[in-house]
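These notes concern the structure reproduced below.
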Amino acid sequence: MRRHQIETPLGSGIDRGMHIATYGHYGRPVLVFPSEAGRAWDFESNGMVAAVADLVNAGRVKLYCVDSLDADTWSAKGLPIEERALRHEVYTRWLTHTVVPYIHDDTTPGAELITTGCSMGAYHAVHFSFQRADLAPLAIGLSGNYDVMTWRSWGDRGDATYFANPTDYVPNLHGDHLEWLRKQLSILLVVGQGAWETHPTGSLPSTVKFAQLVQEKGIRCELDLWGYDVSHDWEWWQQQLAHHLPRFC
């Protein structure tokens, strides 16, 4: 399998390098977010690339795995939630101004992305697709928690938190933008019902609640509940991704 890795500047006046690891030679681009505070190579290290190697080697998908910025944003528990959300905006700018253009230059200009991720990576995938459905009209979230207010949040929340929290903004979608999302966006939410999916991650209740919010808005959203033996862990995310990804490429 062809593998390539680059380092790019984070931007926004911050002296920090951010990595993009690419797997494959051709195919529909998949923007992959790591789990909490993860790095671009975590997907490979935890068997996720191997789980879909047949699709990658066949030229059906090309994976673009990115670093997270969680350690300085959502996982920085010493910061109030609004400051974490403001810092998250730096990450979003890097994705839109650096990562997506890099993907388009490497594949096809304007190619529609799939986003995916596990655990906190699922939040990033789904939130990015909601914010930029023009770039990534399909999101696959595996065991995500889609309410940032449950992440040991404290302090007053303002606009930055609201617009970074899908559980907040989805119920208020309306008008022309909602109609456009109904035509443009598709969300697939997958979660198990076993160990660690409820405590301490909150993934199961959050996923079920969020799916209902999205479906009530008439946006395409599929909820796939796996069994009570299915835990919040890589071995199950490997199976879930291998099961669903072939449908979209």
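The values are calculated or read from the model by the stated rules, or taken from the named source; none is laboratory data. All values reported here derive from a predicted model rather than from experimental measurement. We place every Cβ from the backbone using ideal geometry, glycine too, and count neighbours over all the protein chains shown. Each accessible area value is taken on the protein alone, full model and side chains, heavy atoms only, with ligands, DNA and RNA left out. Shrake-Rupley method; radii C 1.70, N 1.55, O 1.52, S 1.80 Å.
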**Item:** Accessible-area order (highest first, 1.4 angstrom probe) of the listed residues ILE219, ILE14
**Value:** ILE14, ILE219
**Request:** Quick one: order HIS124, HIS4 from most to least accessible surface, probe 1.4 Å.
**Result:** HIS4, HIS124
**Message:** 5 Å is the cut-off here: which amide hydrogens, built 1.01 Å from N in the peptide plane, fall below it relative to THR115, excluding neighbours closer than 5 in sequence?
**Reply:** LEU31, LEU138, ALA139, ILE140
**Request:** Please figure out what share of the DSSP beta bridges in the range 1-116 is antiparallel and state it in percent, rounded to the nearest 5.
**Result:** 60
**Prompt:** Which order do THR73, THR201 take by accessible area at a 1.4 Å probe, largest first?
**Reply:** THR201, THR73
**Complete:** At R0 = 41 Å the Cβ-Cβ FRET efficiency linking ASN172 and ARG39, nearest 0.05, sits at 0.75
**Asked** With every protein chain in place, what's the accessible area of PHE248 (1.4 Å probe, Å², nearest 10)?
**Response** 50
**Request:** Enter the Cα centre distance for the pair the range 144-190 and the range 70-121, rounded to the nearest angstrom.
**Result:** 15
**Item:** Solvent-accessible area per residue for the range 24-98 (1.4 angstrom probe, square angstrom)
**Value:** 35
**Prompt:** When all protein chains stay in place, what accessible area (Å², nearest 10, 1.4 Å probe) is found for LEU138?
**Reply:** 10
**Item:** Computed label-point distance, nm, for sites ARG132 and TYR102 using a 7 Å Cα→Cβ extension
**Value:** 1.2
**DSSP bridge orientation in the chain - percent antiparallel, rounded to nearest 5** = 30
**Prompt:** Under a straight-distance cross-link criterion of Cα-Cα below 20 Å, which aspartates and glutamates are reachable from LYS183, leaving out those fewer than 8 residues away in the same chain?
**Reply:** GLU112, ASP134, GLU216, GLU222
